[in-house]
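A short worksheet on the structure shown next.
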Amino acid sequence: MASKLEKEAAQASDEPLVEEVERHQPDESDRIDAPGRAPGGEPLDVSPGGDGSLVKEVLKEGMAGGPQALTTPSPLCEITLRVRADHESKQTPVVWPRQHHGAISPPGLPAQLRVGIETMRLHEVARLTHVDHSRTPAATRTYDVEVVDWDEALVLDTVTKRIVRRPGVEAWREPRELDRVVVRGVLGGVDYGPIAEDRDPSLAAAPLSGGWRLDEDVETDTGLRVVEGLEACVRTMRVGEVCEVSIGEQKGQIELAQIREDPNQALIAHRGAWAKSGDAARRSAAVDALRALGNAHLQKGDLGKALKRYDRALAVASDGGNDDGDTHLLEDSEDAQAASKAAHNAGRELVKRRARAVLANRALAHLKAGDALGAKRDCEAVLEEDPDHLKCRFRRAQALVDLGSVEDACAVFVELARVPALQRDALRALRAARATLKAHRDAERELYRGVIRPKPAPQGPRPENLRREALERTVVASLGLQRAAGRAASDSY
């Protein structure tokens, strides 16, 4: 079945292209400098290697106003073109799916034209001249191309997004995990507010109401429900972008109105600023807050989100190995240097303690998720700095049971059973581990039964004729040997 764009292209194929182009003489007020344009409409070399294999001449400028005036097709566009080659008398409609449908080059056209078309704006007409230098003499073909329309669509599992207004060039950033986002529009019966004509894409813009933390909240700060599947679409948007969204039976139009960066992102980006006043306190507070989020998800059984929060907490706690602790040398006096060094070390130790608590909780999440090896590594990372951390010793032993080192785990459980706070849990785990060890040994005995020990001989009385037959075979064999020896002796004479 032909798409909507294909039908429109077929209807437009009868309209004049070249005659209209020849009558249009754009003045300087119509021209907008952009990639693929030369001042005064002169031909411009747009070949990738600059070898003159593709020359573009703008015959008719594209849109001079509106949200798509300064944009070119994105890699997700389905582009509708009208093309007329130099040897043809009639223009041909072409629908180019591009990367959205896996099409690298325009269908039916030389692959080299792709670069030229990607520099064109909506409703622009250009003359693209392809020069094939591999032939002698060089072969030249000219194509008059018009960008009739493009359709930007993105399919994300059950979510389909089609861009109806692209953002400005200042909006370069897409939301990240835990960023605060604000959307406007209507989707799934939920009205998030009116769509505006202009937005401030700056991360420092005045905060708007109706936001939520991405991948964390299920409601906005005004109490509106975040429609399921909306976040998958928002992750691909930029501030000022408007899209038509379909999520199953739910349809609507939304705008990404604002992005407020997660404050912890600054702590992650500036890991070497440990000597800055209050930095250790800010880091430890951020680590505790993220660990609390992870613990809440862990209690609800959402192990995926819990692990994400623990990972982010550890990223905040890490200095990335870039902080050498020598900033105290910038102080004027020795006393000030000593005080600065002591404060630096105390701050690092404070954050490290918070990080060890995160690792202990992440080990528990790994155990519940069935990742015994990950739990063992986290516990050993804590025990390397704090050998007396009881919870990590206990969880490491639990991981050893899952990894098959049951005897080593039993030895740890016996030791921990002497600790009053862990006695009940350690005894319960010890009984379970011993039961597992017994089951392993029983399985081994059953597996090797009859292999290490020979199977018992069949029971019952031995028939008397078996002995007689054996005796007869022995006598016959002996007589045979005697006859053979006699023949050998006679032959020797």
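The order of the peptides 390-399, 182-191 by mean Cβ neighbours within 10 Å, most packed first, is 390-399, 182-191. Backbone amide hydrogens, once placed in the peptide plane, bring Arg173 within less than 5 Å of Val239, excluding anything fewer than 5 places away on its chain.
Can you sort Trp212, Trp172 by how many other beta carbons sit within 10 Å, fewest first?
Working: Trp212 22, Trp172 10.
Least to most surrounded, the residues fall as Trp172, Trp212.
What is the fewest-to-most order of Ile79, Ile195 by other Cβ atoms lying within 10 Å of their Cβ? Provide the component values of the computation, followed by the final result.
Values: Ile79 24, Ile195 16.
Result, fewest neighbours first: Ile195, Ile79.
Pairs of Cα atoms under 8 Å, at least six residues apart: use those to get the relative contact order of segment 330-415, whole percent. Don't skip to the end; give the middle numbers.
On the way: 68 pairs, mean separation 16.9, N = 86.
It comes to 20 percent, rounded to a whole number.
Quick check for me: using +1 on Lys/Arg Cβ and -1 on Asp/Glu Cβ, what's the dipole size of segment 198-294 about its Cα centre, in debye to the nearest 20?
Working: 12 positive and 17 negative charges, 111 e Å.
Dipole of segment 198-294, to the nearest 20 debye: 540 debye.
Rounded to the nearest Hz, the phi-derived 3J(HN,Hα) couplings of segment 85-96 under the Karplus curve 6.51 cos²θ - 1.76 cosθ + 1.60 (θ = phi - 60°) are 7, 5, 9, 9, 9, 10, 6, 10, x, 10, 10, 9, where x marks glycine and proline.
The coefficient of translational diffusion for segment 159-262, derived via Stokes-Einstein from the alpha carbon Kirkwood radius under 20 °C and 1.002 mPa s, stands at 161 µm²/s. Once you keep just the Cα pairs under 8 angstrom separated by 6 or more residues, what percentage relative contact order results for segment 266-445? Dividing the mean separation by the residue count of segment 266-445 yields 16 percent.
Pairs with C-alpha atoms separated by more than 21 Å, drawn from the list Lys56/Lys161; Lys60/Lys90; Lys300/Lys352; Lys368/Lys438; Lys251/Lys300, are Lys56/Lys161; Lys300/Lys352; Lys368/Lys438; Lys251/Lys300.
Listed from fewest to most Cβ neighbours within 10 Å, the set Ile117, Ile247 follows the order Ile247, Ile117.
The H on the amide N of Lys251, modeled in the peptide plane, is under 5 Å from the matching H of Gly188, each at least 5 residues off or on a different chain.
Once the C-beta distance of Arg431 and Asp386 is scaled by a Förster radius of 30 Å, the resulting FRET efficiency is 0.60 to the nearest 0.05. Using the Stokes-Einstein relation with a Kirkwood hydrodynamic radius computed over Cα pairs, the translational diffusion coefficient of segment 266-445 at 20 °C and a viscosity of 1.002 mPa s comes to 118 µm²/s.
So how much slack lies between Thr140 and Arg176, counting 0.36 nm per residue of separation and subtracting their Cα-Cα distance, in nm? The partial results should precede the final answer.
Numbers: separation 36, 0.36 × 36 = 12.96 nm, distance 4.80 nm.
Extra length from Thr140 to Arg176 when fully extended: 8.2 nm.
Report note on the peptides 367-376, 437-446, 44-53: ranked by the mean count of other C-beta atoms within 10 Å, highest first, their order is 367-376, 44-53, 437-446. In this structure the amide hydrogen of Val183, modeled in the peptide plane, comes within under 5 Å of the amide hydrogens of Ala257, none closer than 5 places in sequence on its chain.
Where a number appears in this text, it was derived from the coordinates with a stated rule and is not lab data. Being a predicted model, the structure only gives us computed values, none of them experimental. In this analysis, Cβ positions are derived from the backbone assuming ideal geometry, glycine residues included, and neighbour counts consider all displayed protein chains.
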